[in-house]
């Protein structure tokens, strides 16, 4: 072997190491030069011109490097994958591993307290000060318009499956006292509000023993247990006979977790059960094009409708948060028409679109049942208020007294 070959062999490892360390920097520079700036990432600071600029430059440059490091997404996915599979941890406080294979949405943001989304719906939760006044306003407005809505407050997964939350929270989430029960018992809550609300915590803790309500990896609910909740709400609110029409046929599938967008590098899936609407003879539509009669539906997007020619000739209107879409089809067994609209984007509607929407929704009151459906975290912490305040119906005109 020649001296030159021996020298190259001794330095080969060093060359490879230098190349690997330099590659991300080269990729970062190449990306910065050849791709448009991503507004969601830290922008490259301008060339320093003053002493103050030079002093401020290092942290700004460091932040830019952090966001544009070559192969950044690959390393993030790899780090998340290793952390989850070795330690059962997520890279964000928004998710938490519970017990018995269940995972929870633990926080609704990255700048809130740990387990915020769990503690607020369990035993120590305290509703916002605006909740009771708004519930009184909501039912007062509907009743003044001659409408009789019902409010179903859905207990979320930590309250329904308290044995599965992180061990430190089991006792708290096992309590039958929650923010919702405190509100329902409050003397300030008008009778017309409390008498038209239903919070089936005890009932859903029983239902879960025989049917799924929340898949192990989901935040939202879905499963055969929703059929039982739908039936329960009909008997509770409207004393509706439940022997009308055959049960809906169902189908199961493996679906990716609805919170997967919160992390990269982990795949969480669950088996879910949903109505087989085609096999059940129900015409179904999901999405913004389901309501050509009203332009607002195209903006709201999270809308659906179901027509069952074999069901009693009555209409169910569901106004909801994001928990509405999965239970809406289960009601089609009992109604000729089920119309569901979620309010998550109602703030994007113009006054004219809101007026048209309300005219459409509150039509034919004699043949319509109105169900407002929000999960506990939405009903108690202003999502209900912000979603429905602009959708409250106008009061009926006063009837002038008879003369003579």
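The values are calculated or read from the model by the stated rules, or taken from the named source; none is laboratory data. Note that the structure is predicted; figures quoted are calculated from it, not measured. Neighbour counts run over all protein chains shown; Cβ positions are idealised from the backbone, glycine included.
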If the requirement is being more than 30 Å from residue 395 (Cβ to Cβ) and modelled with pLDDT of 95 or more, which of these qualifies: 161, 134? 161
Out of curiosity, is residue 167 within 30 Å of residue 363 (Cα to Cα), modelled with pLDDT of 95 or more and surrounded by fewer than 21 Cβ atoms within 10 Å (Cβ to Cβ)? no
Candidate set from segment 319-338 (those that are under 18 Å from residue 280 (Cβ atoms) and in a strand (DSSP E or B)); member that is farthest from the chain's Cα centre (by Cα): 337
Looking at this structure, is residue 329 under 27 Å from residue 259 (Cα atoms) and crowded, with 18+ Cβ neighbours inside 10 Å? yes
Scan segment 270-284 residue by residue and report those that are surrounded by 15 or more Cβ atoms within 10 Å (Cβ to Cβ) and assigned to a strand (DSSP E or B). 270, 272, 273, 274, 275, 284
Test residue 248 against the criterion of being touching a helix residue (DSSP H, G or I) at 6+ places or on another chain (Cβ under 9 Å), under 20 Å from residue 120 (Cβ atoms) and assigned to a loop (DSSP other than H, G, I, E, B), and give yes or no. no
Grab the helices (runs of 4 or more DSSP H) fully contained in segment 40-119, keeping just those with 3 or more residues being modelled with pLDDT of 85 or more and closer than 30 Å to residue 376 by Cβ. 116-119
Where residues in segment 298-309 are closer than 20 Å to residue 280 by Cβ and in contact with a helix residue (DSSP H, G or I) (Cβ under 9 Å, 6 or more places away or on another chain), which of them is surrounded by the fewest Cβ atoms within 10 Å (Cβ to Cβ)? 307
Going through segment 197-225 in order, the residues found to be within 23 Å of residue 185 (Cα to Cα) and out of contact with any helix residue (DSSP H, G or I) (no Cβ under 7 Å at 6 or more places or on another chain) are 202, 206
